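Derivation of every value follows stated rules applied to the coordinates shown; laboratory data play no part. A quick note: this is a predicted structure, and the numbers were derived from the prediction, not measured. With ideal geometry, Cβ positions are generated from the backbone for all residues, glycine too; neighbour counts draw on all protein chains shown.
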Amino acid sequence: MTFRRGARLDPTQVRDLRGRGISGRGVALAGGGGIGLIVLLVFALLGGDPGAILAPQPGAGQVGSQQGSIVGSGDLAGDCRVGEDANRRTDCRAVGLVNSVQAYWADVFAASDLRYVPADTVLFSGTVDSACGFASSASGPFYCPLDGLVYLDLTFFADLSSRLGAAGGPLAEGYVIAHEYGHHVQALLGALDRRARASGPESRSVFIELQADCYAGAWVANAAETGFLETPTAGQVEDALDTAAAVGDDRIQRSTTGQVNPESWTHGSSEQRQAWFVTGYETGDPAACETIEAVP
């Protein structure tokens with residue numbers, strides 16, 4: 001996925017907290033690696049509500065008020081200005097992807113006479129304090145509905161390849177970010193609730209995750225129209241599909257335990273995640289992403 005050279009980036013949509021991690025206050029389950037890491041990845045990878053695992057802590061949810069002065073400041077504001085910057089740097093690419101995804105959803109909402117409420121992305125390293133509790137890099141990217149923010153440690157993109165065997169690439173990164181913003185859209189539409197914490201192949205949690213995958217596919221289909229990106233190539237779409245397969249519950253379980261237990265699924269199988277991404281991509285219409293309607 002290539003950014004247009006003259007596209008103007010808006011770094012104020014991304015808050016840079018890298019290097020400000022809170023040492024020793026991460027989630028114990030995510031502290032080591034191996035099975036502990038993967039267990040949390042199975043739950044939280046690509047947007048599971050971490051509130052089901054991370055209990056809100058005193059003082060959590062203060063990113064906006066305490067760190068508001070750093071929004072758009074520092075390296076992002078100075079270095080992430082145009083599409084060329086996004087083609088060179090991972091952090092600038094994250095800025096451009098957030099810009100594109102939010103521009104897409106603003107247009108979708110406006111077409112339905114609704115108002116899209118933007119959500120910032122928080123870049124962090126090590127650990128971060130969200131309204132959903134403390135999280136570590138091992139938690140994977142997540143959307144916290146309690147503060148309406150997306151959280152992302154950019155090292156996760158390397159983990160996709162090194163730990164989960166995904167092909168990676170710019171559009172794979174876009175899929176991750178668009179999936180998280182799919183959860184923000186669900187929150188705005190009232191689709192996120194406590195029932196999403198159940199597990200199993202027919203659980204509401206799985207269908208919510210699959211809808212976010214579908215929303216990500218719909219964004220990819222329309223990404224060039226946001227003015228930030230060139231039309232993705234077939235190879236780049238394949239990279240995104242490969243990433244969707246890499247984070248399927250069945251594939252993660254098989255690689256870590258040697259067996260598959262559908263009753264513990266929270267995100268869906270590799271086949272399901274790919275299928276719903278394709279549904280969004282081929283239709284280009286988020287109205288086609290009605291996975292949740294299958295759940296009573």
query: Extent of the stretch 124-205 along each principal axis, from alpha carbon coordinates, in Å, largest to smallest?
result: 34, 30, 21
query: With θ set to phi - 60° and the Karplus curve 6.51 cos²θ - 1.76 cosθ + 1.60, what are the ³J(HN,Hα) couplings of the stretch 262-278 in order, to the nearest whole Hz, using x for Gly and Pro?
result: x, 5, 9, 5, 10, 10, x, 6, 4, 4, 5, 5, 5, 4, 6, 4, 4
message: Once you order the gyration tensor axes a ≥ b ≥ c over the Cα atoms, which shape class does the stretch 66-167 get: rounded for a/c under 1.5, otherwise prolate or oblate by comparing a/b with b/c?
response: rounded
- prompt: Tell me, how many Å apart are the Cα centres for the stretch 263-290 and for the stretch 127-185?
  reply: 18
query: Rounded, prolate or oblate: which fits the stretch 164-282 when a ≥ b ≥ c are the square roots of the eigenvalues of the alpha-carbon gyration tensor, with rounded for a/c under 1.5 and prolate only if a/b beats b/c?
result: oblate
Relative contact order for the stretch 146-296, counting Cα pairs under 8 Å that sit 6 or more residues apart, in percent: 31
Amide H contacts under 5 Å for Gly133, placed H, 5+ residues apart: Gln57, Gly61
message: Below 11 angstrom from the Cβ of Gly140, what's the summed charge of the other residues (Lys, Arg +1; Asp, Glu -1)?
response: -2
For the stretch 107-122 versus the stretch 246-260, the gap between their alpha-carbon centres in whole angstrom: 35
message: Within a 10 angstrom radius of the beta carbon, how do Tyr215, Tyr281 rank from fewest other beta carbons to most?
response: Tyr281, Tyr215
Net +/- balance of residues flanking Ala158 in space, Cβ distance below 14 Å, scoring K and R +1, D and E -1: -2
